[in-house]
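The values are calculated or read from the model by the stated rules, or taken from the named source; none is laboratory data. Keep in mind the model is a prediction, meaning the values are calculated, not measured. We place every Cβ from the backbone using ideal geometry, glycine too, and count neighbours over all the protein chains shown.
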Amino acid sequence: MTAAFVLQGVSKHYPQFSLSDFSLTLPEGQIMGLVGVNGAGKSTLLRLLTGLAAPSSGDIEVLGHRLPEAQVAAKRKIGFAAEDMRLYRGQTLAWHIELVRRIYPEWDSAYAASLLRRFDLRADQSVGGFSHGQRVKALLLLCLARRPQLLLLDEPTTGLDPVARAEVLESLAEVLRDEHRSVLFSSHNTHDVEQLSDSISFMHQGRLLASADKERFLDEWRRVLCVGDVPDALDAWPELVQRRAAGSQIELKFRRWQDDLPERLAQVGLSVQRIDPMTLEDIFVTTVRAGGRQ
Amino acid sequence: MSHLDPGAAPAAPSDARIPAFDHLRALAMLAGVLFHAALAYSPMMHGFWPTAYRAQSPWIDAIVWCLHLVRMPLFFVVAGYFTAWLIVRRGWGGLLRQRLRRILVPMLVAWPLVHLATSASTEWALDHVVHPSPFLSMVKAWLAMPDPPGMPPSTGHLWFLYYLLLFTALAWVVHALDWARGFARTVRITPTRLALILPVLVAPGFFLTTAPHPAPESLFPQFWALALYGPFFALGALLLDRVDLLLSLRRWLWPGLLACVLAYVGFLVQLDQREVADWARTAPWSTALLQALVAAWGTLAALIAGLRWFNRPRAWMTYLARSSYWTYLLHLPVLFALQYVLLDHALSWPLALLLSCGLTLAICLLSYELLVRRTRLRDWVG
Amino acid sequence: MTRELNWPVIRLLMIKDWQLFQKQLAAHLLGGIVALAFLGMAKPWAFYIGSLLLIILLVAVACFAVSTSLLVERKEQTLAFVMSLPVSPLDFTVAKLAGNLLTFLVPFLVMALFTAIIIFSTPLPDGLVVLAALVFGHVLVAYCISLAVAMQVESEGWNLFAMIGSMVLINPFLMLIGQMDSVQSVLRGNAVIWPAPALAILGAQALIGLACLAFALWSNGRKPAFY
């Protein structure tokens, strides 16, 4: 397996925030969704992956290049757009396109023109007059038309209206059809992540809580409603992540779901009323609340 | 060229070069040679011109000042046209490269050479000429002083290159500050407006200097020269897209020329009535306005005539156009050397003018043929 | 960390900064031509206006060049966009330094040239060229300090302090020169003589200026990343 990037024991310390002992690998051609609340460290991670930030310790390798030392070579193949990234207000989109085109020999002018039409952007308009959605789309255009091998997107859909969000997601879905192109995109919107990703990673307070294939995530988690007296021994079950009373019923959330779990619950005196698969959002919230307990 | 047809719709921005403008530039340059040669026989310039000849004629004054009022405005219109043409064809980067190669470098190289050559011939004249001009006599007396003051550095007759660079810089300022678009949005230029406004625009330039206007040879930009030649340069740039303005004015060619002649006669009368003390003073409004009328309408007439009669490429015209830059750079030191030699020969003024002018042109064209046309120099001054 | 400079991209970044600075540069150029035209009128009042305008322009170019290319880039969060392009911090630093120096030095040298022309071609004593060199030297040092501080310090307040403070120091500097008899005697003469204290000051100015630039280059260029 060729990796788009490998993070090994990476830490990054800021006065107010630390990313600690972070290890993560993205196989080539995969789309990974990075989910975390605001301040979880998603932007720091993406900046580390683009060489914009240097790690305090640990190793980062992106597309075969060690960062930040070989950042120039790596950035030739990376497209990076962040929600808080700003373009030059006084200049037109055409000016930005020309700047990026002259730097990247792989720039695809025809694709840029088609994205311009699809995103309904005007090249001769000054970027200062763009709405937030237009700015995000302009950034995406500047990234996508350079045909990068690795696309790093920090909160690309945050703050977009539903129409713009659909447009951005559609164009991303199209990009993702190329099996050699790898994508890491962060979001606190689990619906977007669920829609696009092959694999999902959860981040919280600078730590990686979980990382797995999307299907495995969804298959492993279940929400069980049951009635009866909860025995003390239940809390010691490694599969149980959360227990709470829901009226007369008890809500239990399990990870690493096994088919014999209903039977085991019956054996400890709980009568299972209902078993539901969980949404990614529910899984994420449960994981964060549980503090990433494995 | 279809957009030169009378009655044609306003021309679209075109990268086709209009031959008439090349020819007009050549004529303006050659008129400069004639002008400088003729000043030696002008009674008005007798006291100031280095090669002032003993034989003079008031006819010279009657003709040269008209030439003087039109030739450089015409040159700057053409320069403005070609500047805009180059921007459309090659962009600002291309224009900058062209200006460095064809204007700045030739200017910096020619400047000391022209200065050295003119100084050398003047020194020769001071030592050898038996019938010196009043100017030479004055310099001789000056040099005899114990501590003669030096002359301030000047661009000499290469001032037009310096101003071409200045106007190129100002054109970029207008572009960078996006003034042209704002101007185009607010002002609609019609042929009549152009003909009426142009004299008003250039009149302040004449008002800020003496009459007849000198050459702005100072190393410092002169307000009057910027105000006088700037509008002509801008007109040239405007004509790239609006050559229709000239075509619409065609029917006004003869009445316009007549008005020019009348204004010029008025200007000459005013010059004639002037006291000697007024020579160093800036021109009164009336004189400035008369000069502005001659310069503006004379230039427009020359442009219209050029489009009408000089727009077909002809081999000899093309040759003259190509050699005119070199000829103009070289002509003054050659002309001065020849006219210094002629100072001691008693000839009639027409013969002296013909000889000095003809020989200067012959030497310039021959040197162009031998040194420039087939060599690398062609890229710089050809 | 690779120390090879990516010159094509550095050139593009410099052009980019020039394009961003274009409007201010155009205004300065226009002001410069007007100022020179005032000087060219050869009248005392016009000379005063022209020289004052030129000094204002020189200070304005210095401040605007530093502000547009460094402070505004930081403030408007465009640094991340530039650094996402294939450039290293060293490339970026070299582009900023070279682009800024070029932006400043072109009008600076034109002004210095015209000042020399004025001194040598008018009845002013030629010795004044020594004073002119010292004043120009001070402006250059002030610019180098402002540039180095802008590259080093994010705080807008400190940057303003560096810009204004270094330029304002010209007053005590002129007073200092006024008390140097050896320099003063040269300024009134028609011969261009460089007294030892003047040469020492010029040397110190060159050293300080170069040290500021070298420190900015070294300090920024060795950073593996800016965040």
Are any of the residues in region B:182-195 in a helix (DSSP H, G or I), of a type outside the set (D, E, K, R) and within 14 Å of chain C (Cβ to nearest Cβ)? yes
Of the numbered conditions (1) within 28 Å of B:Thr168 (Cα to Cα); (2) surrounded by 16 or more Cβ atoms within 10 Å (Cβ to Cβ); (3) free of Cβ contacts under 8 Å to residues at least 60 places away in the same chain; (4) within 14 Å of another protein chain (Cβ to nearest Cβ), C:Leu36 satisfies every one except a single condition; which is it? (3)
Being more than 8 Å from every other protein chain (Cβ to nearest Cβ) and farther than 14 Å from C:Leu54 by Cβ is the filter here, so list the residues in region C:9-33 that pass it. C:Ile10, C:Arg11, C:Leu13, C:Met14, C:Ile15, C:Asp17, C:Trp18, C:Phe21, C:Gln24
Within 12 Å of chain C (Cβ to nearest Cβ) and closer than 28 Å to B:Val243 by Cβ, is that true of B:Ala169? yes
Is it fair to say C:Ser67 is touching a strand residue (DSSP E or B) at 6+ places or on another chain (Cβ under 6 Å) and at pLDDT 85 or above? no
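Which fully enclosed helices (runs of 4 or more DSSP H) of region C:48-149 have 2 or more residues being out of contact with any Phe, Trp or Tyr (no Cβ under 6 Å at 6 or more places or on another chain) and within 14 Å of chain B (Cβ to nearest Cβ)?
Because the criterion is at least 2 residues that are out of contact with any Phe, Trp or Tyr (no Cβ under 6 Å at 6 or more places or on another chain) and within 14 Å of chain B (Cβ to nearest Cβ), the helices (runs of 4 or more DSSP H) in region C:48-149 that meet it are C:89-121.
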Kindly indicate whether A:Ala113 is among the small types (Gly, Ala, Ser) and out of contact with any strand residue (DSSP E or B) (no Cβ under 9 Å at 6 or more places or on another chain). yes
Exactly one of (1) at pLDDT 85 or above; (2) surrounded by fewer than 16 Cβ atoms within 10 Å (Cβ to Cβ); (3) assigned by TED's automatic domain parsing to the domain that holds A:Leu169 is unmet by A:Pro238. Its number? (3)
Mind telling me which of the residues B:Pro191, B:Pro216, B:Pro148 ends up being crowded, with 17+ Cβ neighbours inside 10 Å and more than 23 Å from B:Trp85 (Cα to Cα)? B:Pro216
Hey, B:Leu228 in a helix (DSSP H, G or I) and within 14 Å of chain C (Cβ to nearest Cβ) or not: yes
Could you count how many residues in region C:1-21 are in contact with a Phe, Trp or Tyr (Cβ under 9 Å, 6 or more places away or on another chain) and not hydrophobic (A, V, I, L, M, F, W, C)? 2
For B:Ser137, indicate whether it is of a type in the set (S, T, N, Q) and under 23 Å from B:Tyr229 (Cβ atoms). no
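Table: residues versus (1) within 30 Å of A:Leu48 (Cα to Cα); (2) modelled with pLDDT of 90 or more.
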residue: C:Thr93; (1), (2): yes, yes
residue: C:Thr103; (1), (2): no, no
residue: C:Met111; (1), (2): no, no
residue: C:Val130; (1), (2): no, yes
residue: C:Val135; (1), (2): no, yes
residue: C:Ala142; (1), (2): no, yes
2 or more residues touching a residue at least 24 places away in the same chain (Cβ under 8 Å) and out of contact with any helix residue (DSSP H, G or I) (no Cβ under 7 Å at 6 or more places or on another chain): qualifying helices (runs of 4 or more DSSP H) within region A:186-294: A:214-220, A:261-267, A:280-289
Can we say C:Val141 is without any contact (Cβ under 8 Å) to a residue 24 or more places away in the chain, buried (at least 19 other Cβ atoms within 10 Å of the Cβ) and of a type in the set (Val, Ile, Thr)? no
Can you go through B:Trp380, B:Trp326, B:Trp316 and tell me which one is in a helix (DSSP H, G or I) and at pLDDT 95 or above? B:Trp326
Candidate set from region B:14-49 (those that are surrounded by 22 or more Cβ atoms within 10 Å (Cβ to Cβ) and either of a type in the set (Phe, Trp, Tyr) or over 19 Å from the mean Cα position of the chain (by Cα) (or both)); member that is nearest to B:Phe232 (Cα to Cα): B:Phe21
Taking the conditions exactly as written (modelled with pLDDT under 90 and either of a type in the set (Ser, Thr, Tyr) or in contact with a helix residue (DSSP H, G or I) (Cβ under 7 Å, 6 or more places away or on another chain) (or both)), does C:Ala225 satisfy them or not? yes
Of the numbered conditions (1) touching a residue at least 12 places away in the same chain (Cβ under 8 Å); (2) assigned to a loop (DSSP other than H, G, I, E, B); (3) small (Gly, Ala, Ser), B:Ala171 satisfies every one except a single condition; which is it? (2)
Could you check how many residues of region B:121-162 are outside any helix (DSSP H, G or I), within 25 Å of the chain's Cα centre (by Cα) and β-branched (Val, Ile, Thr)? 1
For region B:115-134, name all the residues that are surrounded by 15 or more Cβ atoms within 10 Å (Cβ to Cβ) and of a type outside the set (Val, Ile, Thr). B:His115, B:Ala117, B:Ser121, B:Ala125, B:Leu126, B:Pro132, B:Ser133
Failed item in (1) free of Cβ contacts under 8 Å to residues at least 24 places away in the same chain; (2) buried (at least 18 other Cβ atoms within 10 Å of the Cβ); (3) aromatic (Phe, Trp, Tyr), with B:Tyr264 passing the rest: (1)
Tally time: how many residues in region C:185-223 are closer than 16 Å to C:Cys144 by Cβ, surrounded by 13 or more Cβ atoms within 10 Å (Cβ to Cβ) and not hydrophobic (A, V, I, L, M, F, W, C)? 4
